[in-house]
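Nothing in this text is a laboratory measurement; each read-out follows from the coordinates by a stated rule. Note that the structure is a prediction, hence the values are computed from the model and not measured. Positions of Cβ are generated from backbone atoms using ideal geometry, with glycine treated the same way; all protein chains shown enter the neighbour counts.
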């Protein structure tokens, strides 16, 4: 008996090949789309990082992101100007680096993952004044790192009665600056004379010259003018 000839098998094989080919193309398309999305996310992250840098540079307070290794990932202009201030700048930078390491120690102990959390405050004293620090853990994957520590630096507030400020604002002499500070404290001419070992007449003369330079008519006016914001 002659077995029947099967004519449908080649057609079935062709259909299977077509299905396999379509499946392979579909898988390839999915892979390509995943790559495109990954590239889009990378481009978005880079763009966001650029925008963040611009925004940080507009802020008055100093800001610096530190890696786990202690490397500065990004610092804004205010931070850079503060730490470039001669000897005080080197001392300030060392203090900030030590503070960042301390904040990293707290963050590591708490295992904060992808959170953003304020962790610590600190201070660094320099000849220019006291810088106030604020340390936060940032688990957002910024600047090429999975996490960083952000240290914000608040600059010392200018002392309105410092010799430099009085000379710059009002053109006072060195001796007049000393007398002006005592006048702001409410001292009378005789008290100023005893404090500075000068005559009452000399103290009165300095007071009158200060009133002229500050364009005020009273001792109370001197205090108000010196302490007023520019």
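Miscellaneous remarks
- For the pair the range 191-230 / the range 64-142, the C-alpha centres are spaced 43 Å from each other.
- Packing-based order for 162-174, 72-84, using average beta carbon neighbours within 10 Å, highest first: 72-84, 162-174
- In this simple spin-label approximation, residue 130 and residue 81 carry label points 7 Å from Cα along the Cα→Cβ vector, and these lie 2.3 nm apart.
- Cα-based shape type of the range 62-181, given that a ≥ b ≥ c are square roots of the gyration tensor eigenvalues and the cut on a/c is 1.5: prolate
- Cut-off 17 Å, label 7 Å out along Cα→Cβ of residue 57, residues of the range 134-160 by amide N: 143
- For the pair residue 204 and residue 110 in one chain, pulling the backbone fully straight at 0.36 nm per residue adds 27.5 nm over the alpha carbon distance.
- When you count the other C-beta atoms within 10 angstrom of each residue and take the mean per peptide, 143-154, 212-223 line up highest first as 143-154, 212-223.
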